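Heads up: the structure comes next, in structure tokens.
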Amino acid sequence: MLISSASSEKLSGKLVSGKDIYCKGLFLSARWFVFSQVASGGTNVIVLPDRESAEYCSSDLYALTDGDIVFYLPDSGKGVERSNYKSSLGVQRTSAVGRIMSNADNSSRLFIVTYPEALEELVPAPDKINSSILKISEGQEISHDTIRDILAGQGFERVDFVSAPGQYSIRGAIIDIFSYSFNYPFRVSFFGDEVEKIHVFDCNTQLSVEERKEVEIFPDLAAETSEAEGVSLASLFPEGTVAWLDSSDMYKDRSFFHDLNRFRRVFLEIPLDADPGDAVAFNITPQPVFNKNFELLTADIRQNMERGYKVFIFSDKNSQIERLKSILIENSGLVPEFVAGKNIHSGFVDQEDRICCYSDHEIFDRFHRVSVRRTVEKSEQLTLNDLTAFNIGDYVVHIDHGVGVFGGLVRMRDDKGRMHEVVKLMYKDGDVVFVSVHSLNKISRFRSKDGVPPKVNKLGSKTWQNLKLSAKSKIKDIAKDLIQLYAKRKTTKGFAYSPDSYLQEELESSFMYEDTPDQESANKAVKKDMEDNSPMDRLVCGDVGFGKTEIAIRAAFKAVTDGKQVAVLVPTTILSLQHYTTFSSRLKDFPCTIDYVSRLRTTKEINDIKDRLKNGQLDIVIGTHKLLGKGFDFKDLGLLIIDEEQKFGVSTKEKLRQVKASVDTLTLTATPIPRTLQFSLLGARDLSIINTPPPNRIPTQTEIILFDKDEIRSIINYELNRGGQLFFIHNKVEELPSIHEILHRLVPDMKICVAHGQMESKELENRMLDFIRGDYDMLLCTTIIENGLDIPNANTIIINQAQNIGLSDLHQLRGRVGRSGRKAFCYLIVPPLVTITDDARRRLKAIEEFSDLGSGFNIAMQDLDIRGAGNLLGAEQSGFITDMGYETYQKILAEAMEELGVETGISTVHTDESFVEDCTIETDQPAMIPDSYIDITAEKIRIYKQLDGMTSDKEIDRIKSQLVDRFGEMPLELDNLFDVVKIRNLGGKLGFEKIIIKNGMMIMFFIANQMSPYYKSKVFTGILQNINANDRLFNIKQSEGKLKIVSRGIDSLPKALQTLNILK
């Protein structure tokens, strides 16, 4: 899109002849519109004051240019410990330097966006860079050893699976390499010493994504370069480069500024000591501030269009465009032009060409989150695999034998001397069980509350079976009650709300963040329930900061527009104040009265609230369980919102149950509800899950540091200098005074407030409130910071001795910061990593990897799920989980719900007509993963387990092609293993309990129970018809009351599968 055409043309003319060129009146994103119009060829370097402005500029240029010509060049992140963020900086910097070098003749159009700190870091000399690049192309002859030696010499690290730049792995004929020049790794497949194929692959799935003919492997050019070996970055820029800068006043004394002297320079602002006489003048003004007021926006658009201005609104989300369109049509019928799929950082008005370019995030007053190209993806999947891996010595649970210890994979010979692989489990008193790799679905890792070791069972004792039975019957009792309650509520009549009003739409579109898909569906579900005429009882469950409160606000407002009153119930005084603040600020422009009740209010204030509630002058009231007490009479209560119901006492819950029967109820919780529970409770409660964080939330930067006083001082000063507050967590009450002393010595003028769980609740509350009000700079406390506590001004949290805190607690603590548009930091202070346990190291790696909220975390947060199950089903169930481990408990829960469904006639689980739970396979053919193909035990077990859970041939074939992609062509034993899985699945569907494939024969055993309904099923009659039609292939026999089919001439597993398919 062209703007300021006359001024741009003048600037283009000067670029041909002038040395230093000055511009004036060119601001905001308009700068990059003009720049992309006039910077026609060669290398252009844009220098901005800081990292943030460089990122925003890169993002604008991505939207305004075609092809991959914009390179963001950051600093190397010296102060950052090894992390994803650091990997991205390395790749972005190295690829930019590589691109500058490859454009040495200045023939291609190239934009480099950077800032002073990045320009002033030295880089290796060009000849050193050139000699360190490893080029690999298809058809090239090069040995594994040569590649390995080159990579090792460049400081690359050999690992099992590649997940970060600077790593490589060798598996048979395949080498995976993560170069610093690209944000995805490369997979090189060999045939002997010849390069057969090169692919780019994805770290998370470890699968190939696209093919390449050749690749260049760069070492880390962002690593520190000594002054003797390094050169300035500017010395790499080719002749004819153009440098674009803000005013020179900021940079006069910086070393890089003098290095740029030899190039043509364009100053986007006039320096104080320059003669502005010949400056190119632009006439740009900022986008007006609308403060989410859509009447102002429509008036502005109408006025501009009437004056002959063209109005464009940029948005990278189609959903946003639709919302804006509907608001504008509703308000005025005027629709400007929308530019979809592109966004700009700051909107502007170009008075010269009469063009308005507005950005949707400024209209909605939202944080603009940018993504910079060449960012390295987080290897979440590998971290999860690491967390769930079976390691020797781990506690595991076998569904039939109970809790034992994992003893690894063992090779055993059968009676014919053939090798098979089995899993060894050790039990009490030295007992051992060997489990076939085809029955791994019976084994799961033992997971219970953090770090409580379980009791190992004795083989053959009845303890385990009794525990399973008792857990099952208790689950059924609880579920029956829930289902009855639900059925009763569905038959009661309630109030049906009217569809959304114009005000409702306006409230929803003024939300600061974009709705996530989960939030959207939860919002729709809540409104649908309200518009229905039976009372709503919906549970909205989502992580801290995922926008549950927003859903509550929208529901409350919907009730108010229909003339109903709303009560919001919260567990603590602090939360009632906090919700009051949130509700008030969201609803301040709407006709709606709000107040709150807590013990901080005077008797006079509370009496006034009671009167207004009775007379119907108060629409929304927020408070603790006091609201359910005497004297609080509502004129017309229509909606009850409960925050964290599990934190209320028994008597409160009883009162709630009475109110709930007739009023629409919305319950919010931050404790995740485990997946199995979600499905099983579907018959008992309406449930909405929000799993995705708001897209504009900036992930909290998480770093692991040592207890270094200078480092801690600079962290504290950085936060205080930007006017913020901090949390410092130390989990031992008795040591808090000495920590207070250390912190006071580090930063003497900082006000520190101490809080912990052993204080009087009133005093604790007052301290917290003082901190919220901003009376203190730091809150030094144990892990008691209230779950829902939301202090937008506190954006740094320092957690001391983080290695002793469980994963879920670390996650919950980190959720206390980063709740506003500001960048938030979480520092985990640990002793040197060598001294802490493997388990703690895994936890810290996970918390660092999952700095984005949501997604992968739910899987890693099993102990949080455990709490969720305990809260939902009562404390007794938590006990069962502790005894049998979480995964086994989930299996038993699913079985119990299935049985209950059959008993009550409301089946909660969709069951196919299957008569056999598991078909056992015995074969004399070798079927396993040989060490020559994969020699990593944890990975082998993961694949065995994955295969064990597969039920469709399509899935099995998909895994097969993935393994070929990752590890090369398959050996016969592994092919056999895939056939065994297919035979087992088909055998189960056909109703065989056991299949033996040995000595050239296949024997298929039918269900032993002769009274089974199977014998009257279509499946059985179909098999009999197929046997009659192929009587030369099959013999049906009965011995010792067992019915079986025998088929001869079966010399391989593919043949067995083919024969079995005939019976289908």
Which of the residues belonging to the range 949-1004 are of a type in the set (V, I, T), part of a helix (DSSP H, G or I) and either touching a Lys or Arg at 6+ places or on another chain (Cβ under 7 Å) or farther than 20 Å from P926 by Cβ (or both)?
-> I956
Can we say I284 is in contact with a Gly (Cβ under 7 Å, 6 or more places away or on another chain) and either under 17 Å from L28 (Cβ atoms) or of a type in the set (S, T, Y) (or both)?
-> yes
Those residues of the range 186-216 that are more than 24 Å from S932 (Cα to Cα) and surrounded by 19 or more Cβ atoms within 10 Å (Cβ to Cβ) come to a total of 1
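Which residue is modelled with the lowest pLDDT, if the candidates are limited to the range 1025-1048 and must be outside any helix (DSSP H, G or I) and under 53 Å from the mean Cα position of the chain (by Cα)?
Within the range 1025-1048, the first condition is being outside any helix (DSSP H, G or I), and the residues that meet it are 1030-1048.
When the remaining residues are screened for being under 53 Å from the mean Cα position of the chain (by Cα), the result is 1042-1047.
Details: K1042: 85, L1043: 89, K1044: 91, I1045: 92, V1046: 92, S1047: 92.
In this case the residue turns out to be K1042.
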Starting from residues that are over 12 Å from A234 (Cα atoms) and of a type in the set (V, I, T), keep the ones in the range 112-130 and report whichever is modelled with the lowest pLDDT.
-> I129
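Would you mind stating whether G616 is among the small types (G, A, S), touching a Lys or Arg at 6+ places or on another chain (Cβ under 7 Å) and within 18 Å of E644 (Cβ to Cβ)?
Numbers: among the small types (G, A, S): yes; touching a Lys or Arg at 6+ places or on another chain (Cβ under 7 Å): yes; within 18 Å of E644 (Cβ to Cβ): no.
No; evaluated as a whole, the condition is false for this residue.
Of everything in the range 1049-1064, what is in contact (Cβ under 8 Å) with a residue 60 or more places away in the chain and outside any loop (DSSP other than H, G, I, E, B)? Give them in sequence order.
The initial filter retains those residues of the range 1049-1064 that are in contact (Cβ under 8 Å) with a residue 60 or more places away in the chain, namely 1052-1054, 1056-1057, 1060-1061, 1063-1064.
Once the filter is applied, which keeps residues that are in contact (Cβ under 8 Å) with a residue 60 or more places away in the chain and outside any loop (DSSP other than H, G, I, E, B), the range 1049-1064 yields L1053, P1054, A1056, L1057, L1060, N1061.
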Return the pairs, sorted by first residue and then second, in which the second residue is assigned to a loop (DSSP other than H, G, I, E, B), the first residue lies in the range 757-769 and is at pLDDT below 80, the beta carbons are less than 6 Å apart, and the residues are 6+ apart or on different chains.
-> G757/I784
Hey, any hits in the range 965-988 for a residue that's of a type outside the set (K, R), surrounded by fewer than 13 Cβ atoms within 10 Å (Cβ to Cβ) and more than 42 Å from the chain's Cα centre (by Cα)?
-> no
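Of all residues being in contact with a helix residue (DSSP H, G or I) (Cβ under 8 Å, 6 or more places away or on another chain) and among the aliphatic types (A, V, I, L, M) in the range 134-162, which is nearest to L963 (Cα to Cα)? Just the residue, please. Break it down stepwise before answering.
Within the range 134-162, the first condition is being in contact with a helix residue (DSSP H, G or I) (Cβ under 8 Å, 6 or more places away or on another chain), and the residues that meet it are 134, 136, 154, 158, 160-161.
From what is left, the residues that are among the aliphatic types (A, V, I, L, M) are 134, 136.
Values: L134: 27, I136: 24 Å.
Per the criteria, the residue is I136.
Tell me the residue from E352, E362 that is at pLDDT 85 or above and assigned to a loop (DSSP other than H, G, I, E, B), please. Outline the logic, then answer.
Values: E362 fails: assigned to a loop (DSSP other than H, G, I, E, B).
After applying the criteria, what remains is E352.
Checking the condition closer than 21 Å to E421 by Cα, touching a residue at least 24 places away in the same chain (Cβ under 8 Å) and in contact with a Leu (Cβ under 8 Å, 6 or more places away or on another chain), which residue from F978, F1006 passes? Outline the logic, then answer.
Numbers: F1006 fails: closer than 21 Å to E421 by Cα.
Answer to the check: F978.
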Close pairs from the range 316-328: first not assigned by TED's automatic domain parsing to the domain that holds L296, partner outside any helix (DSSP H, G or I) and modelled with pLDDT under 85, Cβ under 9 Å, at least 6 apart = none
Cβ pairs under 9 Å, 6+ apart, first in the range 618-631 and under 16 Å from Q565 (Cβ atoms), second part of a loop (DSSP other than H, G, I, E, B) and among the hydroxyl-bearing types (S, T, Y) = L618/T593; D619/T593; I620/T593; I622/S598; G623/S598
Of (1) assigned by TED's automatic domain parsing to the domain that holds F338; (2) surrounded by fewer than 14 Cβ atoms within 10 Å (Cβ to Cβ); (3) in a helix (DSSP H, G or I), M305 satisfies all except one. Which?
-> (2)
How many residues are farther than 21 Å from E969 by Cα and at pLDDT below 90 if we restrict to the range 160-176?
-> 2
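For residues in the range 658-672 being assigned to a helix (DSSP H, G or I) and modelled with pLDDT of 70 or more, which is surrounded by the most Cβ atoms within 10 Å (Cβ to Cβ)?
First pass over the range 658-672, keeping only residues assigned to a helix (DSSP H, G or I): 658-660.
After this cut, where a residue has to be modelled with pLDDT of 70 or more as well, the list is 658-659.
Values: Q658: 9, V659: 16.
Among them, the one singled out is V659.
The values are calculated or read from the model by the stated rules, or taken from the named source; none is laboratory data. All figures in this text were calculated on a predicted structure; none of them were measured in a lab. So basically every Cβ, Gly included, is an ideal-geometry build from the backbone, and we count neighbours across all protein chains shown.
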